[in-house]
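The values are calculated or read from the model by the stated rules, or taken from the named source; none is laboratory data. Because the structure is predicted, anything quoted here is derived from the model rather than measured. Note that each Cβ is placed from the backbone with ideal geometry, even for glycine, and that neighbours are counted across all protein chains shown. Only protein heavy atoms, including side chains, enter the accessible area calculation; ligands, DNA and RNA are left aside. Shrake-Rupley method; radii C 1.70, N 1.55, O 1.52, S 1.80 Å.
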Amino acid sequence: QQLDRKVYNRLRICIWKQWKTIRNRYRNLIKLGLSKYYARMWSKTSIGYSRAARSPILCRTLTNAYFRKEGYVGFYERYYLKTKSQIKLF
């Protein structure tokens, strides 16, 4: 689970870097359901990528469910489902 948290955080960093400009960040945050006020405030932030990825705003908008919808399956889920399917109940 700890490894999954690190991977999700790294995915948020990569997406935040891809958005690059204030305009793109603003538009994408609004698309993800953030209000215009908070989108404007966070798109102009000057904090680093890592700190921005751990912020409550990005954690609420770029959720684990968002990444699952995009096709990412976490390590814990894959391992847990694999071992759970191997256990047979009598």
Sticking with the crude label model, points 7 Å out along Cα→Cβ, report the distance from LEU3 to LYS69 in nm, one decimal please.
2.7 nm
1.4 Å probe accessible area per residue over the chain, in Å²
77 Å²
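Would you calculate a helix-derived [θ] at 222 nm for the chain, using -39,500 (n - 2.57) for each DSSP H run of n ≥ 4 and dividing by the full residue count, to the nearest 500? Present the calculation step by step, with values, prior to reporting the outcome.
Values: 7 runs with 66 residues, N = 90.
Calculated mean residue ellipticity at 222 nm is -21000 deg cm²/dmol.
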Using each residue's phi in the range 50-67, evaluate 6.51 cos²θ - 1.76 cosθ + 1.60 at θ = phi - 60° and report the 3J(HN,Hα) Karplus result to the nearest Hz, with x for Gly and Pro.
5, 5, 5, 5, 8, 5, x, 5, 6, 5, 7, 8, 9, 7, 5, 5, 4, 5
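Hey, what's the Kirkwood Rh for the chain if you take every pair of different alpha carbons, in angstrom?
Numbers: mean 1/r = 0.0693 Å⁻¹.
Final number for the Kirkwood radius of the chain is 14.4 Å.
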Residue by residue through the range 3-12, what is 3J(HN,Hα) from phi via Karplus (6.51 cos²θ - 1.76 cosθ + 1.60, θ = phi - 60°)? Round to whole Hz and write x for glycine and proline.
5, 4, 4, 5, 5, 4, 5, 5, 5, 5
How large is ³J(HN,Hα), in whole Hz, for each residue of the range 33-45 in order, when computed from phi with the Karplus curve 6.51 cos²θ - 1.76 cosθ + 1.60 and θ = phi - 60°, using x for Gly and Pro?
x, 7, 5, 5, 4, 5, 5, 5, 5, 7, 6, 9, 5
